[in-house]
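The values are calculated or read from the model by the stated rules, or taken from the named source; none is laboratory data. Owing to the predicted nature of the structure, the values given are computational and were not obtained by experimental measurement. Here the Cβ positions follow ideal geometry from the backbone for every residue, glycine too, while neighbour counts run over all protein chains shown.
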Amino acid sequence: MPTLLSAPPSPLLRPYVRAYAQRKLTSIDLPLLEAVPAQLEQVLNFELGVMPGIHHRECKISSGVWIGGAQTVFPGHMQLWPGVESFAIFFQPAGWSQLFGIPMREITNRIIDAELVSGKRMRDLWNSLGEAASFEQRVAVVERVLLAQLNKLVDGDGMAEVANLLFRQHGALRIPQLASRHLLSVRQFERKFQQETGASPKTFARVARFQAAVDAKLSSPKTSWIDIAHRFGYYDQMHMVRDFAKLGQKSPTQLILELGDVRPPALAEAA
């Protein structure tokens, strides 16, 4: 039977990291097909066993270390085969970019070989994770690397912080207020946010709300969809259904059934 383990980061890393997760399929497990909807975390993946099938538009990944940026539209899925063993770091929407100095826009709506943008250190980390004997040891290995990166942070222009704030507030922030905070007109703010993150603030906020609704249902399955729609500011349930069709390619109920372990439990704890 497939196993899924997840854990939160240490307190110092929480502004940048949401959760760690590990999935493992044994040689006798059945293949799985999992839906992958729009999501805003930057996710760094280490494939330590059989390579999963990653279907993302025209993009194909064969590297054992790959990074996915914020996905504002992701009509894709993953095929998990017997022998797959993956360790993933779910960063805040700008977390990986802040820690490793890679602009958000370079990986938004893309998945790429992490070694191409971060070099040999990603392969070294992959080797260290492969040598670790347990999930807990792998978390410790990763945390040592990430904590060391805290000393190398470079102050940005504020758009990374805005992206993280929009995410934490489930998209419930008015764009004119955000523009005013940064002493910009709305048009200037929208242009700057798009240039730095690779997505418009309106789109980013929409995905943040959608993702919050998905995670709320996963963490509390008995909560009705009507209650979730009201909680996250949808006009009504049909408004939410249209968002799910756009960002998840499914009805709300069908998407939850097909997600599998794409959203590990530690993410709900980080909400």
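Conditions first: (1) touching a helix residue (DSSP H, G or I) at 6+ places or on another chain (Cβ under 9 Å); (2) in a helix (DSSP H, G or I). Ala266 passes all but one, so which condition is the exception?
That leaves (1) as the condition not met.
Please go through segment 230-262 and give me each residue that is in a loop (DSSP other than H, G, I, E, B) and exposed (fewer than 13 other Cβ atoms within 10 Å of the Cβ), ordered by number.
Correct list: Tyr235, Asp236.
Among Phe90, Phe46, which is the only one that is over 21 Å from Asn127 (Cβ atoms) and among the hydrophobic types (A, V, I, L, M, F, W, C)?
Testing whether each residue is over 21 Å from Asn127 (Cβ atoms) and among the hydrophobic types (A, V, I, L, M, F, W, C) leaves just Phe90.
Restricting to segment 1-50, and then to whatever is out of contact with any strand residue (DSSP E or B) (no Cβ under 9 Å at 6 or more places or on another chain) and surrounded by fewer than 17 Cβ atoms within 10 Å (Cβ to Cβ), can you tell me which residue is nearest to Leu80 (Cα to Cα)?
That would be Leu30.
Restricting attention to segment 1-40, report how many residues are hydrophobic (A, V, I, L, M, F, W, C) and in a loop (DSSP other than H, G, I, E, B).
Counting residues in segment 1-40 that are hydrophobic (A, V, I, L, M, F, W, C) and in a loop (DSSP other than H, G, I, E, B) gives 6.
Output the residues belonging to segment 101-149 that are in a helix (DSSP H, G or I) and either of a type in the set (Val, Ile, Thr) or on the phi > 0 side of the Ramachandran plot (or both).
Across segment 101-149, the qualifying residues are Val117, Val139, Val141, Val142, Val145.
From Arg14, Arg23, grab the single residue that is more than 26 Å from Ala199 (Cα to Cα) and among the charged types (D, E, K, R).
Answer to the check: Arg23.
Check Val117, Val142 and return the single one that is touching a Phe, Trp or Tyr at 6+ places or on another chain (Cβ under 7 Å) and in the same structural domain as Gly49 (by TED's automatic domain parsing).
The unique qualifying residue is Val142.
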